[in-house]
Every structure is written in C-alpha cells, then in structure tokens.
Amino acid sequence: MATDKDQPQSDPATLLAEQPQLLHDLAALAGVAVPPEHAQAVRGHLVTAARMASLLYAVPLDDHAMDGAPVFTPADGPGGKSGER
C-alpha cells in the first residue's frame, strides 16, 4: 500500500510558481480573499512558511520517545488562592 511518504514531494516554491491557480485555490479553501495586488507577497510568505515547516519535518523523531510538555500552573494570581478576595 502506497503512503504519502512513498510519493515524490514537490518544493512549495515550485508548486506555487508552476501552478498560479494554487494560491487562489488555497485562499478559497481557507475562506479568505487575496486581492490580486497582494498575491505575489502572499505567495512569498506561503513559500517561506512551507520551507520552515520542511526543516522541522526533516528531523527524525521517535513517536514513542516523546514526552508531553509540562503544564504551567501559576502558584498565585487570578483564580489562585492569593488572588481570591
């Protein structure tokens, strides 16, 4: 059975450059309007975000070795004992 990992991955910059309609489709999917005069800047930001994400996804992680982050619980303050009046 083929998985997403088996499929060749395209560079986001290449996809956005080769498929100008992709930005419009992504915007429609997200429910936002991108005026034509802003499309190039929005495209650039999406490319940058995708490249940053690819750096994170490139790091191999063992799902079973990951511990959850601790939860911050304030000792005092609103809702705490010293914050009650």
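Sorting check: for 57-63, 28-34, 12-18, which peptide has the highest mean count of neighbouring beta carbons within 10 Å, and how do the rest follow?
12-18, 28-34, 57-63
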**Message:** Run the simple label-point estimate for MET52 and ALA30 please: 7 Å along Cα→C-beta, distance reported in nm.
**Reply:** 1.3 nm
**Complete:** Listed by chain and number, the residues whose amide H is under 5 Å from that of VAL34, excluding neighbours fewer than 5 places away on the same chain and using placed H, are none
**Asked** For GLU37 and ASP76 in the same chain, what is the full-extension length gain: residue separation times 0.36 nm, less their Cα-Cα distance, in nm?
**Response** 9.1 nm
**In sequence order, calculated HN-Hα J values of the range 29-41 (Karplus, 6.51, -1.76, 1.60; Hz; x Gly/Pro)** = 4, 7, x, 10, 9, 10, x, x, 6, 10, 4, 5, 5
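Values quoted throughout were computed directly from the atomic coordinates according to the rules given, and no laboratory measurement underlies them. This is a predicted model, so every value here is computed, not measured. Positions of Cβ are backbone-derived with ideal geometry, glycine not excepted, and every protein chain shown enters the neighbour counts.
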